[in-house]
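Here the structure is laid out as structure tokens; the discussion comes afterwards.
Derivation of every value follows stated rules applied to the coordinates shown; laboratory data play no part. Bear in mind the structure is a predicted one, so any value in this text is a computation, not a measurement. Counting neighbours? That spans all protein chains shown, and the Cβs are built from the backbone with ideal geometry, glycine included.
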Protein chains: 2
Amino acid sequence: MNPQASLDEREQRTWSAFVTMRRDLEAVLARGLAEDGLSVSDFEVLARLGQAPGGELRARDLAAAIGWDKARLSKHVTRMAGRGLVSRREAADDGRGQVIALTAEAAQVLVTAGANHLAAVRRYFFDLIEPDELDVLEQVLSRINARAAEG
Amino acid sequence: MNPQASLDEREQRTWSAFVTMRRDLEAVLARGLAEDGLSVSDFEVLARLGQAPGGELRARDLAAAIGWDKARLSKHVTRMAGRGLVSRREAADDGRGQVIALTAEAAQVLVTAGANHLAAVRRYFFDLIEPDELDVLEQVLSRINARAAEG
DNA sequence: GCAACATGGTTGCCATGGCAACCATGTTGC
DNA sequence: GCAACATGGTTGCCATGGCAACCATGTTGC
């Protein structure tokens, strides 16, 4: 049985294109970041820290901001700390808490990698979308995210 | 430095929504498949085999069809075979080749899981997209995929 | 002010995935 | 018909990620 039997032909085509896009766009962006020595996950962490005041965040808040499980963040931060990209210290106001901070080295890496990544996002995404198409995309994305969030 | 500095506000918002969508839609679909005992990867393999004549494909062709590295397929098929979802045999016409086939049990699982997955794809994706928006999406996806393919 | 509960993080276990090395079989050019 | 190359798969190594169990610290209700 064809599991897509009750999608019409156009929907099947679109869904298949969507699945391909998810895979290939991710791959192309990952390759770009890899040239600066970062994985997509590394970059998510660094970019978020870079946006935070002082370049640091509570682990809890960082995890929430990038949508990760706390276990995933804990383990990833351990690896990144080993590479000198982040540092950890205890939270002043909560005996359980950890504050994760960008290192000076990571701040440098982020400048370069961020610029390159941005160029890639332009090249592989925004350059291919007309303004009126972007309107549509925004609408659709917001509906999809709302529904996914409600479960 | 904010790595998104040269995206305008609307682009930043859209990109952020896009990243969220990739993560959350994937997660919601994965949870659905998990209820039928399958991972997204399992389902990709089974669905493709289910579409093939006789429910079987050369490993090489299966990997190409779902866009996987041959090593990834090899290892995943080993695990799936261990769970009784696929079987392996040598290709008649190529001493190097393996033919991967759906088992009878997997064909059953695929009927149920396929229907459930399809319902989820409707609920979390197509139900939220108007026909004219689907046109736009198709166009944009095809451009993005073409560019990602050219590198 | 203490028991019950909530929150923040870490660790272990297991499945997953990328990449390179490897091995075996096929194919090609001469 | 053989050397060089190509193709098809498997394995090893390492990083990654989900989930549950666990431990420590905070908070709440009484």
Checklist entry - Do any trypsin sites (Lys or Arg not before Pro) in segment A:1-106 lie in a loop, going by DSSP, with at most 16 other beta-carbon atoms within 10 Å of their beta carbon, and if so which? => result A:R83, A:R96
Next on the checklist: Given the DSSP H assignment, sum -39500 (n - 2.57) over each helix run of at least 4 residues in the protein assembly as shown and divide by its residue total; what's the result at 222 nm in deg cm²/dmol, nearest 500?
Outcome noted: -22500 deg cm²/dmol
Checklist entry - On average, how many beta carbons from a partner chain sit within 10 Å of the beta carbon of a residue in A:19-26? => result 6
Next on the checklist: Let's test the formula: R0 of 30 Å, r as the Cβ-Cβ distance of B:D8 and B:Q139. What FRET efficiency results, to the nearest 0.05?
Outcome noted: 0.85
Checklist entry - Helix B:9-35 sits at what angle to the longest principal axis of chain B, using alpha carbons and giving 0 to 90 degrees rounded to 10? => result 30 degrees
Checklist entry - Once all Cα-Cα distances of the protein assembly as shown are split into 10 Å bins that start at 0, what whole-number percent is in each one? => result 5, 23, 29, 26, 14, 3, 0
Next on the checklist: Within 10 Å of each Cβ in A:105-117, how many Cβ atoms from other chains are there, averaged over the peptide?
Outcome noted: 2
Next on the checklist: Once the label point is set 7 Å along the Cα-to-beta-carbon vector, what list of distances in nm do you get between B:A107 and its counterparts in the other copies?
Outcome noted: 6.4
Checklist entry - So which residue of A has the beta-carbon closest to the axis that swings A onto B, and how many whole Å away? => result A:V136, 2
Next on the checklist: Tell me the net charge near B:A146. Cut-off is 14 Å between Cβ atoms, B:A146 excluded, with +1 for each Lys or Arg and -1 for each Asp or Glu.
Outcome noted: -1
Next on the checklist: Could you compute Rg(Cα) / (2.2 N^0.38 Å) for segment B:7-151, with N its residue count?
Outcome noted: 1.24
Checklist outcome for this item: Inter-copy distances for A:D132, nm, shortest first, label points 7 Å along Cα→Cβ, are 0.9
Item to check | Computed lengthening from A:R31 to A:R79, 0.36 nm per intervening residue step minus Cα-Cα distance | outcome: 15.3 nm
Checklist entry - Whose amide H sits under 5 Å from the amide H of A:R58, counting only residues 5 or more places off or on another chain, with H placed in the peptide plane? => result A:I100
Next on the checklist: Residue by residue through B:89-102, how many Cβ atoms from other chains fall within 10 Å of the Cβ on average?
Outcome noted: 0
Checklist entry - What FRET efficiency, computed as 1/(1 + (r/R0)^6) with R0 = 35 Å and r the Cβ-Cβ distance, is obtained for A:D132 and A:R22, rounded to the nearest 0.05? => result 0.90
Item to check | Shortest-first nm distances, A:R10 label point to equivalent points in other copies (7 Å, Cα→Cβ) | outcome: 2.5
Item to check | Under 11 Å, Cβ to Cβ, from A:A52 - net charge with Lys/Arg +1 and Asp/Glu -1 | outcome: 0
